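To keep things clear, I will list the structure first and then write my remarks on it.
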Amino acid sequence: MTTFNRFVGLTLFLGLFLACGNKPKSLPYDYEAAAAAFASDESFYPILDEELEVYQALHAQGELKPIYTDQEDAIKQLMENKVWLAFATRQLSQREMDNLKARSFIPRVIPIAYDGLAIIVNNANPDTCISVRDFRRILSGEVTNWKEIYPNSKLGAIDVVFDNPKSSTVTYCVDSLLGGKPIQGTDNIGAVKKSAEVIDWVERHENAIGIIGSNWLNDKRDTTNVTFKKNITVMKVSRLDSATAHNSFKPYQYYLYNGSYPLIRTIYALLNEPRSGVPTGFAHFCRLPKGQMIIFRSGLLPIQAGMEVRNINVSKQ
């Protein structure tokens, strides 16, 4: 009898509690919708598509849809809780971190790879070496004609093309090369929409110079990652003011590894998922051995690279 009375009393108490409207508060975001996708700068499309294909073949927790956009939009979607994962070449700013923490989130920044910012020119351009100094002069508007760098050049005005006005390549050039100052020379500097379009533009214009991520350049038939696409020329870049064939380097993995190539950027997985779901699993997979091997085979430098270098002799006989 006593047990029955206690049960009735507990039932009445819960009924009164719920009747007063004391229901759990709804969350200020749609977790499931945000967990169904990730956002990324479009320049990482080749590598992330391959990472995602392998990850989803190994894990059956749920589908993850990629949203390829510009870098700032990807981070904006993360900040607005539209996605829990974004890939970019910059970390979250202190203001962004503080904003997320003030809303009781625990944001994480996970470096996964190093990428070389590649400078490409038309195959008809005989000048294939450039210094960081001269590249900076082009972006600042100080130099607008090929003759100002290469006196014997007959190509005329320099036609500069980026992949997207808000892409990670533009952000890198502004922050790392121009000290935060905007890119100048609007008459001869423009942007298309995608990295593939940069390659196409440079291939069709002799006076063009394009800026893209090096992961777009590899010839997939070459498993050694030392052959770039044949339809354009990848310039060698020098840290010294005067670029020569001996002091300039292409964005090969080894030159990223030893620091010889000067235009290097880190690729980050920006994670803000409040649970350990599919976005969290995918972000960490990119950092695990299988994910790092995919990065290595793509031509980028894995964040946990342990490279073995061997000297070889090539005989022409």
Check: Long-range amide H contacts for GLY190: which residues qualify at under 5 Å (H placed 1.01 Å from N, peptide plane, sequence gap of 5 or more or a different chain)?
Finding: VAL160, VAL161, PHE162
Check: Near the amide H of ALA37, under 5 Å away, which other amide H atoms are found, from residues 5 or more places off or on another chain, if H is placed in the peptide plane?
Finding: LYS65, TRP84
Next item on the list: Place +1 on the Cβ of every Lys and Arg and -1 on the Cβ of every Asp and Glu in segment 81-192, take the dipole about the Cα centre, and give the residue among VAL121, ALA86, TRP146 whose Cα lies farthest towards its positive end.
Entry: ALA86
Notebook entry, point to check: Quick one: which of 92-104, 236-248 comes out on top by average Cβ neighbours within 10 Å, and what's the full order, highest first?
Noted result: 236-248, 92-104
Margin query: Just the number: Rg to Rh for segment 24-158, Cα atoms, Kirkwood Rh, two decimals.
Written below: 1.14
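Using the per-residue mean of other Cβ atoms lying within 10 Å as a proxy for protection, in what order, highest first, do the peptides 298-304, 198-204, 136-142 fall? Spell out each step's value before the answer.
Values: 298-304: 23.0, 198-204: 19.6, 136-142: 17.6.
Sorting 298-304, 198-204, 136-142 by mean packing, highest first, produces 298-304, 198-204, 136-142.
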Item checked: Ordering of 41-51, 168-178 by burial proxy (mean other Cβ atoms within 10 Å per residue, highest first) -> 41-51, 168-178
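Any read-out appearing in this document is the output of simple, stated calculations on the displayed coordinates, not a laboratory observation. No experiment lies behind these values; they were computed from the predicted model shown. So basically every Cβ, Gly included, is an ideal-geometry build from the backbone, and we count neighbours across all protein chains shown.
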